[in-house]
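In what follows, a structure is listed as structure tokens, so that the remarks can point back to it.
The values are calculated or read from the model by the stated rules, or taken from the named source; none is laboratory data. All of these numbers come straight from a predicted model, not from anything done at the bench. Cβ placement follows ideal geometry from the backbone for every residue including glycine, while neighbour counts extend to all protein chains displayed.
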Amino acid sequence: MNVDQFWKIIESSRRGFDPGRIDGNMEQQREELRGLLLKLPPEEIIGFRNHLLQQMDEAFHWDLWGAAYIIAGGCSDDGFADFRSWLISMGPRVFEAAASNAESLVEVADAPGVEDVFFEEFQYVPAQSYKELTGRELPAYAGHSRVEPAGEKWSEDEGNLERRFPKLWARYRRR
């Protein structure tokens with residue numbers, strides 16, 4: 001599986017997204033992704049998982065963590081993994097825009113139909129689908145993952161977030 005195929009599956013998993021629905025879009029997408037993965041041979045599910053983890057690694061950046069922190073009013077390391085999972089679930093356009101400019105999320109995070117910016121369950125779908133299809137656990141990921149976020153670290157104590165992300169700060173810190 002290549003990265004384009006990976007993103008096509010992500011986009012297809014969003015088919016049932018309804019901007020008018022206040023909840024249920026995440027569950028719909030998770031189930032749609034599960035169905036799409038179950039149609040693939042096991043090695044393609046492994047490939048999908050590998051691309052998912054590569055994108056999680058690419059999004060392991062201080063700017064995105066700062067955006068998640070502002071939007072949610074705080075964000076732990078586990079929460080940041082769930083945020084990155086959500087970011088990937090939103091598709092390649094949202095992901096790439098946020099990866100190049102975290103402030104692009106000001107237009108996405110509370111758009112109609114977006115229930116939450118943390119989507120923990122999404123990242124587990126490949127392993128669940130693989131096990132459902134094969135009866136076995138998904139093999140361990142052989143790729144490399146960052147230990148520390150990329151980019152310049154921020155600190156909430158120094159007003160750093162407000163200066164670095166003025167649009168996000170103006171939108172979400174007033175709540």
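When the residues of the stretch 135-175 are narrowed to those that are part of a loop (DSSP other than H, G, I, E, B) and polar (S, T, N, Q), which ends up modelled with the lowest pLDDT?
In this case the residue turns out to be S145.
May I ask you to list the residues in the stretch 85-132 that are of a type outside the set (S, T, N, Q), touching a residue at least 40 places away in the same chain (Cβ under 8 Å), more than 23 Å from D4 (Cβ to Cβ) and not in a loop (DSSP other than H, G, I, E, B)?
A102, E103, L105, V106, E121, E132
Please specify each residue of the stretch 117-161 satisfying the condition of being of a type in the set (D, E, K, R) and surrounded by 15 or more Cβ atoms within 10 Å (Cβ to Cβ).
Residues satisfying the conditions are E120, E121.
Can you go through V106, V117, V94 and tell me which one is of a type in the set (V, I, T), out of contact with any strand residue (DSSP E or B) (no Cβ under 6 Å at 6 or more places or on another chain) and more than 30 Å from L40 (Cα to Cα)?
Among V106, V117, V94, only V106 is of a type in the set (V, I, T), out of contact with any strand residue (DSSP E or B) (no Cβ under 6 Å at 6 or more places or on another chain) and more than 30 Å from L40 (Cα to Cα).
Please go through the stretch 45-68 and pick out each residue that is closer than 27 Å to E152 by Cβ and either at pLDDT below 95 or of a type in the set (F, W, Y) (or both).
Residues satisfying the conditions are F60, W62, W65.
Checking S104 against (1) under 14 Å from D63 (Cβ atoms); (2) more than 21 Å from the chain's Cα centre (by Cα); (3) surrounded by 12 or more Cβ atoms within 10 Å (Cβ to Cβ), only one condition comes out false. Which one?
With respect to (1) under 14 Å from D63 (Cβ atoms); (2) more than 21 Å from the chain's Cα centre (by Cα); (3) surrounded by 12 or more Cβ atoms within 10 Å (Cβ to Cβ), S104 is out only on (2).
State which residue is surrounded by the most Cβ atoms within 10 Å (Cβ to Cβ) when the search covers only the stretch 63-85 and only residues that are within 14 Å of the chain's Cα centre (by Cα) and within 14 Å of A102 (Cα to Cα).
Step by step, filter the stretch 63-85, then rank; the result is A67.
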